[in-house]
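The block underneath contains the structure these notes are about, expressed in structure tokens.
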Amino acid sequence: MTSVSKFQPNYAQAFDLLATLVAVVRTDGVVVFANAALEDVMGVSRRTIEGSALAGYFSETQSFQNALQGAQTNAFATMRYDAHLRRPLQDPMPVHVIVAPTDVAGEVLVELLPLEQQTRQDREERLIDQAQANKELIRNLAHEIKNPLGGIRGAAQLLQMEVESKDLIEYTQVIIHEADRLQVLVDRLLAPHRRPHVVGDVNIHEVCERVRSLILAEFPKGLRMVRDYDTSIPEFRGDREQLIQAVLNIVHNAAQALAERVAEGDAEIVLRTRINRQVTFGKQRYRLALELHVIDNGPGIPEEIKDRLFFPLVSGRDGGSGLGLNLAQTFVQQHHGLIECDSVPGRTDFKILIPLP
């Protein structure tokens with residue numbers, strides 16, 4: 001029984017970097033190579049998988065046997081179908097199976113895409129694409145607003161110097177005040193693109209403690225902030241001030257959403273840190289990633305804005321600017337990370353994911 005693939009070692013190493021589950025199978029169905037992602041999902045070593053019949057890991061084997069036969073006879077370039085992958089001591093996992101011949105005679109490439117993971121990756125890709133589109137839109141829009149805004153303010157100042165009527169002066173002052181207010185908004189929109197990325201060693205718990213102290217200073221009564229830290233998380237390279245601002249924006253939003261519970265004295269925000277292993281996000285697979293959860297017991301995010309939560313100028317609170325979460329997502333993405341949100345009435349969980357070295 002052969003347990004060594006004809007693939008070059010560096011080619012096999014490339015498969016180990018993939019987020020998807022990959023196996024190289026002989027046309028008789030025996031696995032000659034299993035990548036790290038498949039090993040992790042199956043919960044057994046690749047030595048156990050290699051040398052065994054891959055069909056035995058499917059709840060229904062006939063479709064896989066047909067795919068192997070088709071690959072052997074060159075009946076198709078690629079075959080796709082849905083199946084259930086059996087795993088020791090775990091529930092079967094629904095997967096999308098892709099079977100394709102390789103350049104090596106007698107070997108077939110089998111790629112397994114967990115359907116849940118595929119859905120999650122699609123959602124993450126949409127978030128990343130939306131954030132990039134938003135960033136370009138904001139930058140262009142802010143610049144287009146800024147130039148005429150300065151002209152409007154300057155004209156109002158000149159007009160104010162010429163008029164003598166008190167009523168007309170009040171009107172010019174309104175124009176100047178509103179122009180200044182819009183200038184502040186434009187500056188906030190452009191702030192993430194102007195500020196340089198200052199990289200240094202970051203301890204995520206120092207970031208959390210800084211945010212915690214700022215929030216408790218603003219909400220000294222009625223709000224309980226719970227620490228749930230994994231102290232084994234190592235330091236990583238990043239912009240400490242950007243991360244403080246990102247976490248602060250999320251926690252501050254949560255505290256404001258808890259206004260009713262703060263008044264009743266039972267508002268709670270949990271700061272939870274964990275390490276996630278072999279995690280995939282942003283189309284890449286990482287050996288280790290930081291998970292920082294900000295969990296509150298508030299009313300939840302309104303259903304009508306859930307899909308637009310990280311869009312600029314979208315807010316679920318009266319008087320909100322709608323810039324805080326957009327800015328937080330921008331700062332986290334500058335650390336190659338991502339922010340996700342899961343919200344139901346009584347529990348909202350913002351999860352910050354940042355790759356670790």
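The values are calculated or read from the model by the stated rules, or taken from the named source; none is laboratory data. Nothing here was measured: the structure is a model prediction, and the numbers come from that model. Note that each Cβ is placed from the backbone with ideal geometry, even for glycine, and that neighbours are counted across all protein chains shown.
Among the residues of region 95-113, the ones that are of a type outside the set (A, V, I, L, M) and not in a loop (DSSP other than H, G, I, E, B) come to 4 in all. Taking the conditions exactly as written (within 19 Å of the chain's Cα centre (by Cα), in contact (Cβ under 8 Å) with a residue 12 or more places away in the chain and within 24 Å of R277 (Cβ to Cβ)), does I244 satisfy them or not? Criteria not met by I244. Can you report the number of residues in region 197-231 which are part of a helix (DSSP H, G or I), touching a strand residue (DSSP E or B) at 6+ places or on another chain (Cβ under 7 Å) and either outside the structural domain of N326 (by TED's automatic domain parsing) or under 18 Å from D296 (Cβ atoms) (or both)? Summing the residues that are part of a helix (DSSP H, G or I), touching a strand residue (DSSP E or B) at 6+ places or on another chain (Cβ under 7 Å) and either outside the structural domain of N326 (by TED's automatic domain parsing) or under 18 Å from D296 (Cβ atoms) (or both) in region 197-231 gives 4. Is there a residue in region 220-238 that is free of Cβ contacts under 8 Å to residues at least 12 places away in the same chain and not hydroxyl-bearing (S, T, Y)? Yes, because at least one residue in region 220-238 is free of Cβ contacts under 8 Å to residues at least 12 places away in the same chain and not hydroxyl-bearing (S, T, Y).
Check V174, V184 and return the single one that is outside the structural domain of G324 (by TED's automatic domain parsing), closer than 29 Å to V332 by Cα, part of a helix (DSSP H, G or I) and without any contact (Cβ under 8 Å) to a residue 40 or more places away in the chain. The unique qualifying residue is V184. For region 232-283, the set of residues classified as in a strand (DSSP E or B) and modelled with pLDDT of 90 or more consists of F236, R237, G238, A267, E268, I269, V270, L271, R272, T273, R274, I275, listed by residue number.
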